[in-house]
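Q: Pasting a structure here, questions to come.
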Amino acid sequence: MTGRLLIKKVFETEPVGQTVTVKGWIRSIRNSKKFSFMVLNDGSYQDSLQIVIDADLENYEEVASLLTGSSVSVTGKVVESGGKGQSVEMQAESIHIYGKTDESYPLQKKGSSLEFLREKAHLRARTNLFGAVFRIRHELAQATHKFFSDRGFYYLNSPIITAVDGEGAGEMFKVTTLDLENLPKDDKGNVDYSKDYFGKDVSLCVTGQLEGECHALGLGSVYTFGPTFRSENSNTKRHLSEFWMIEPEVAFADLDEVADLAADYIKFLVAWALEKCEKELNFIWGIPFSDVDKSHRSVLENVRDSEFLKITYTEAVEILSKTNVKFEYPTEWGKELQTEHEKYLTEEHFKKPVIVTDYPADCKAFYMKQNEDGKTVRAMDVLVPGIGEIIGGSQREEDLDKLIKKMDEDGMEKEGYWWYLELRKFGTAPHSGFGLGFERAIMYITGMPNIRDVIAFPRTPKSCDF
Ligand code: 4AD
Ligand code: MG
């Protein structure tokens, strides 16, 4: 038997006249008296390979009885295709059956709903749609490493278990080996974490930023790309309890520099997807439940080719208070922008991505650099149509006294942050960074309407299967 050839390679190299072996899962099989027609996909390519099986094949009867979802190895001759849309097909010479299915195989019908497929997340990688989504996700991850590495950033694997709340928002999942039925208590009646595995109260990270800052102030420019956990009770199409974030951090950079970096990074991702994932994107843009259609290509081309707009929070609030649109939450200077406001700005007003800077200090995390006005901080959010916030970032407060004052005002327990504060004590320097929500970027580029469908096994409130 010849070695296995990926179906992607069959289409790319079109080895007409050669006998090769492909292995995959049957997408469909149609039988007639004289031959069968099998459509095979191995996950390597958007298109499936069509295979013609003559009735004189040794195990023809068994092959003809196979159902959608069965796994096979097919050795056969590659021939030019008579059918339209396909350059080549295969004439089977021998077929080995690895695994059969039965009528209960859930992916029988075309056009199953996204909700249904989500319940079958262990099998959905075998659909054309999720094959496309996860190949795109892979490409965008590769693009991320390429983008940052080419610009001299070092990849930092920041820890997942942490003793500090990096956002100060209290949305953390605890990590413990204590017996929850029988918790050790101290004399005040509080849980005695000194008896816990790490001897203290620890959680899953909500960000890798604080450790990113440590390494940026040594290596210069770093980026993290890892899982991030938030116990916020947001059951929306844009929130996950476990998501992936890319967090670059740059020493000696101010907010404007990382805002430009953010725009370049998004453009790079868009350009990469357009170039490498044409078939996948066209497939997604052609299905009825996608949020976008094929015109999304020109939208993305425009993002790739044009400057990002920059406005301040104060300007954004002015725009919002001048419109006649009725919002559920009225806009008022000092309040965090709601999704409806973000969507209005990008979808209705500017009709493209926009970077909003200099938010009120009270809306944002403790570590952001305080502006001279005493009211705002050097923060930015990058907003895009269809999603709203895709990136959050800031220049960091590098002044030790100001940072301590802010943490005290916020009522934070400073003890665990001693090392973070020492960055400001020893050789402090201006530095800035941001975090891009990887799944939100995938949603934006693909137009997939629900964040649960761009991550392999979504975790959301009350849902943690697989
Ligand atoms: O705005 P956030 O909370 O910023 C930070 O975590 C900073 N430490 C980043 C930094 O400056 N290094 O989150 C950044 C991005 C958001 O813009 C959003 O795209 C994504 O992370 N995000 C989520 N994505 C999915 N589900 C959630 N629950 C998310 N929360 C934030
Ligand atoms: Mg944010």
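Q: Mind checking which residues of region 390-405 are part of a helix (DSSP H, G or I) and in contact with a strand residue (DSSP E or B) (Cβ under 7 Å, 6 or more places away or on another chain)?
A: Of all residues in region 390-405, those part of a helix (DSSP H, G or I) come to 400-405.
LYS402, the sole residue that qualifies.
Q: Considering only residues that are over 13 Å from ALA262 (Cα atoms), within 15 Å of ligand 2 (Cβ to nearest atom), crowded, with 18+ Cβ neighbours inside 10 Å and not small (Gly, Ala, Ser), which ones fall in region 361-394?
A: Once the filter is applied, which keeps residues that are over 13 Å from ALA262 (Cα atoms), within 15 Å of ligand 2 (Cβ to nearest atom), crowded, with 18+ Cβ neighbours inside 10 Å and not small (Gly, Ala, Ser), region 361-394 yields LYS364, PHE366, TYR367, MET368, VAL377, ARG378, ILE387.
Q: Only one of these conditions is not met by GLU347: (1) without any contact (Cβ under 8 Å) to a residue 40 or more places away in the chain; (2) within 14 Å of ligand 1 (Cβ to nearest atom); (3) in contact with a Gly (Cβ under 9 Å, 6 or more places away or on another chain). Which number is it?
A: Failed condition: (2).
Q: Show the residue pairs that are 6+ apart or on different chains and have beta-carbon atoms under 8 Å apart, the first residue being within region 6-20 and on the phi > 0 side of the Ramachandran plot, the second being among the hydrophobic types (A, V, I, L, M, F, W, C).
A: Going by the 8 Å Cβ cut-off, the qualifying pairs are GLU14/VAL78; GLU14/VAL88; GLY17/VAL78; GLY17/VAL79.
Q: I would also like to ask the following. Of the numbered conditions (1) open to solvent by less than 60 Å² (accessible area, probe 1.4 Å); (2) touching a strand residue (DSSP E or B) at 6+ places or on another chain (Cβ under 8 Å); (3) under 24 Å from ILE387 (Cβ atoms), SER234 fails exactly one; give the number of that condition.
A: SER234 satisfies all of (1) open to solvent by less than 60 Å² (accessible area, probe 1.4 Å); (2) touching a strand residue (DSSP E or B) at 6+ places or on another chain (Cβ under 8 Å); (3) under 24 Å from ILE387 (Cβ atoms) except (2).
Q: Please pick out the residue among GLU103, GLU58, GLU62 that is farther than 24 Å from GLU12 by Cβ, at pLDDT below 95 and over 32 Å from the mean Cα position of the chain (by Cα).
A: On the way: GLU58 fails: at pLDDT below 95; GLU62 fails: at pLDDT below 95.
Testing whether each residue is farther than 24 Å from GLU12 by Cβ, at pLDDT below 95 and over 32 Å from the mean Cα position of the chain (by Cα) leaves just GLU103.
Q: Residue by residue through region 1-20, note down the ones that are buried (at least 17 other Cβ atoms within 10 Å of the Cβ) and over 34 Å from the mean Cα position of the chain (by Cα).
A: Across region 1-20, the qualifying residue is only VAL20.
Q: Next question, about the same structure. Please specify each residue of region 327-359 satisfying the condition of being farther than 23 Å from ILE266 by Cβ and out of contact with any strand residue (DSSP E or B) (no Cβ under 6 Å at 6 or more places or on another chain).
A: Start the filter on region 327-359 by keeping residues that are farther than 23 Å from ILE266 by Cβ, which leaves 327-335.
Those that are farther than 23 Å from ILE266 by Cβ and out of contact with any strand residue (DSSP E or B) (no Cβ under 6 Å at 6 or more places or on another chain): PHE327, GLU328, TYR329, PRO330, THR331, GLU332, TRP333, LYS335.
Q: Working only within region 183-226, note down all residues that are assigned to a loop (DSSP other than H, G, I, E, B), touching a Pro at 6+ places or on another chain (Cβ under 8 Å) and surrounded by fewer than 20 Cβ atoms within 10 Å (Cβ to Cβ).
A: Taking region 183-226 and keeping what is assigned to a loop (DSSP other than H, G, I, E, B), we get 183-184, 186-190, 192, 196-201, 205-208, 220.
Filter again for touching a Pro at 6+ places or on another chain (Cβ under 8 Å), leaving 192, 205, 208.
ASP192, the sole residue that qualifies.
Q: Would you please name the residue that is surrounded by the fewest Cβ atoms within 10 Å (Cβ to Cβ), looking only at residues in region 415-448 that are in a loop (DSSP other than H, G, I, E, B) and under 13 Å from the mean Cα position of the chain (by Cα)? Steps first, answer last, please.
A: The initial filter retains those residues of region 415-448 that are in a loop (DSSP other than H, G, I, E, B), namely 426-430, 447-448.
Checking the rest, the ones that are also under 13 Å from the mean Cα position of the chain (by Cα) come to 447-448.
Details: GLY447: 20, MET448: 26.
The selected residue is GLY447.
Q: Just for region 293-324: of the residues that are touching a Phe, Trp or Tyr at 6+ places or on another chain (Cβ under 6 Å) and assigned to a loop (DSSP other than H, G, I, E, B), which one is least open to solvent (accessible area, probe 1.4 Å)?
A: Applying the filter and picking the extreme gives ASP293.
The values are calculated or read from the model by the stated rules, or taken from the named source; none is laboratory data. The structure presented is a predicted model; accordingly, all values stated were derived computationally and were not measured. Positions of Cβ are backbone-derived with ideal geometry, glycine not excepted, and every protein chain shown enters the neighbour counts. For accessibility, only protein heavy atoms count, side chains too; no ligands or nucleic acids. Shrake-Rupley method; radii C 1.70, N 1.55, O 1.52, S 1.80 Å.
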